[in-house]
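Engineer: Structure below; questions to follow.
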Amino acid sequence: MARHHQFRAKVIAVSDSVALANAAADRIVARIAANGGRVAICLAGGSSPKQLYGLLATAAWRKRIPWHRVHWFIGDERFVAAGDPLNNMSMARRTVLDACAPSANIHPITTDSPDPDAAAGRYERELQAFYGSQELDALRPLFDVVLLGVGPDGHTASLFPGRPAIEETERWVVGVDMAPVEPLVPRVTLTLPALASCREMLFEAAGAEKRAILARVLGGENLPANRAHSIGETVWLADQAALPEDFNGQ
């Protein structure tokens, strides 16, 4: 029997995927504006954020972002070559970052290491150097925004139900030998403590194919996507197609 616990996030309902991308862009730009110093955004892979990234690259949105002081990280990566169509950061780079962000401000998980664990160690060291410490401080979040999606099994980033990575409490980044969902390739993923170290954790859920899993998440089921919480604000943006029929607001 699945353990349940209270769903502790804010849900913002929007009409459709276009409205969802606009709402996400608004929230990201607001978080950037609220921090007058160096900003860190942790991006998501998969299909969910592609519309958002395309929006940020448009003239109207790109001029609202002070690109020189925003650094871009990735929450998880598929252990494939940088140019591979399955590579998460490559999608973000093609869609928005290469055209808008200084190259020194783009921080991919490099996959030319011998294995996912080695790649995880390298990224963890990069994050710690950027942060200036090997210990996370709740009063000083690592990221301004962490963007996440949810898979049909309730996974988020590459934290899968019942797999060891979800229970990691010390490491910031770990290797995942093989994903149990398509594409069936090894992964590198940030852990719950690293993802939690943010001012805002922003989930995107769009389309009818997300409705079943969103119902389980909103019901408080013990799933990775429900265990991922910001030390600041945790927000789920969902369009009408993804929301369960009995959803009446949070």
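Engineer: Which FRET efficiency value, to the nearest 0.05, is calculated for residue 35 and residue 10 with the Förster distance at 22 angstrom and r the Cβ-Cβ distance?
Structural biologist: Working: r = 20 Å, r/R0 = 0.93.
Efficiency, rounded to the nearest 0.05: 0.60.
Engineer: Which length gain, in nm to one decimal place, applies between residue 118 and residue 18 when the Cα-Cα distance is subtracted from 0.36 nm times their residue separation?
Structural biologist: Numbers: separation 100, 0.36 × 100 = 36.00 nm, distance 3.82 nm.
Here the segment from residue 118 to residue 18 would lengthen by 32.2 nm.
Engineer: Please build a GNM for the chain, connecting alpha carbons under 10 Å apart, and tell me which residue among 91, 178, 201 fluctuates the most.
Structural biologist: Of 91, 178, 201, the Gaussian network model singles out 178 as fluctuating most.
Engineer: So, one more: Tell me what the chain gives for mean residue ellipticity at 222 nm when only DSSP H runs of n ≥ 4 count, each as -39,500 (n - 2.57), the sum divided by the residue total, rounded to 500 deg cm²/dmol. Walk me through the numbers on the way to the answer.
Structural biologist: Values: 8 runs with 67 residues, N = 250.
Calculated at 222 nm, the ellipticity per residue is -7500 deg cm²/dmol.
Engineer: Show which aspartates and glutamates lie in cross-link reach of residue 10 when reach means a straight Cα distance below 15 angstrom and same-chain residues fewer than eight apart are skipped.
Structural biologist: Filter leaves 200, 204, 233, 239.
Engineer: OK, next. Expected output is a single nm value to one decimal: the length gained when fully extending between residue 212 and residue 233, i.e. 0.36 nm times separation in residues minus the C-alpha distance. What is it? Could you put the intermediate results ahead of the total?
Structural biologist: Details: separation 21, 0.36 × 21 = 7.56 nm, distance 2.42 nm.
Working it through step by step, the gained length comes to 5.1 nm.
Engineer: Next question, about the same structure. Only four residue types carry charge here, +1 at the Cβ of Lys and Arg and -1 at the Cβ of Asp and Glu. Report the dipole size of the stretch 42-172 about the Cα centre in Debye, rounded to the nearest 20. Write out the running numbers ahead of the final one.
Structural biologist: Numbers: 13 positive and 16 negative charges, 171 e Å.
Using only the charged Cβ atoms, the result is roughly 820 debye.
Engineer: With the full set of protein chains in place, find how many percent of the accessible area of the chain is carbon and sulfur; take the probe as 1.4 Å. Present the calculation step by step, with values, prior to reporting the outcome.
Structural biologist: Details: 5540 of 10790 Å².
Ligands and nucleic acids excluded, carbon and sulfur give 51 percent.
Engineer: For the chain, give me the percentage of DSSP beta bridges that are antiparallel, rounded to the nearest 5 percent. Walk me through the intermediate numbers first.
Structural biologist: On the way: 10 of 34 bridges.
Approximately 30 percent, going by the DSSP bridge assignments.
Engineer: Which shape class, rounded, prolate or oblate, goes with the stretch 44-164 when its Cα gyration tensor gives a ≥ b ≥ c as root eigenvalues, a/c under 1.5 marks rounded, and past that a/b bigger than b/c marks prolate? Mind showing how you got there, number by number?
Structural biologist: On the way: a/c = 1.44, a/b = 1.19, b/c = 1.21.
Cα axes put the stretch 44-164 in the rounded bin.
Engineer: Using the heavy atoms of the protein chains alone and a 1.4 angstrom probe, what is the accessible area of the chain per residue in square angstrom? Walk me through the numbers before you get to the answer.
Structural biologist: Numbers: 10790 Å² over 250 residues.
Value returned for the chain: 43 Å² of accessible area per residue.
Engineer: Assigning unit charges at the beta carbon (Lys, Arg +1; Asp, Glu -1) and nothing else, what dipole magnitude in debye, to the nearest 20, does the stretch 139-250 show about its Cα centre?
Structural biologist: 220
Engineer: Mind putting a number on the dipole of the chain about its Cα centre? Charges go on the C-beta only, +1 for Lys and Arg and -1 for Asp and Glu, and I need it in Debye to the nearest 20. Present the calculation step by step, with values, prior to reporting the outcome.
Structural biologist: On the way: 25 positive and 28 negative charges, 156 e Å.
So the magnitude is around 760 debye.
Engineer: Starting from the Cα gyration tensor of the stretch 138-250, take the square roots of the eigenvalues, sort them a ≥ b ≥ c, and report rounded, prolate or oblate (rounded when a/c is under 1.5, otherwise prolate if a/b is larger than b/c, else oblate). Walk me through the intermediate numbers first.
Structural biologist: Values: a/c = 2.06, a/b = 1.22, b/c = 1.69.
Here the stretch 138-250 falls in the oblate category.
Engineer: Answer with one residue from 67, 95, 13: the one whose Cα lies farthest towards the positive end of the charge dipole of the stretch 1-120, charges on Cβ with Lys, Arg +1 and Asp, Glu -1.
Structural biologist: 13
Engineer: With helices defined as uninterrupted DSSP H runs, which ones in the chain have an alpha carbon span along their own long axis of at least 15 Å and mean Kyte-Doolittle hydropathy of at least 0.0? Spell out each step's value before the answer.
Structural biologist: Values: long enough: 17-34 (26 Å, 1.04); 116-131 (22 Å, -0.86).
Span-like helices here: 17-34.
Engineer: What label, among (1) 132; (2) 120; (3) 145, belongs to volume of the Cα convex hull per residue in Å³ computed from the structure on display?
Structural biologist: (2)
The values are calculated or read from the model by the stated rules, or taken from the named source; none is laboratory data. Note that this is a predicted model, so its numbers are computed, not measured. Here the Cβ is made from the backbone with ideal geometry for all residues, glycine too, and neighbour counts use every protein chain on show. Side chains included, ligands, DNA and RNA excluded: accessible areas come from the protein's heavy atoms. Shrake-Rupley method; radii C 1.70, N 1.55, O 1.52, S 1.80 Å.
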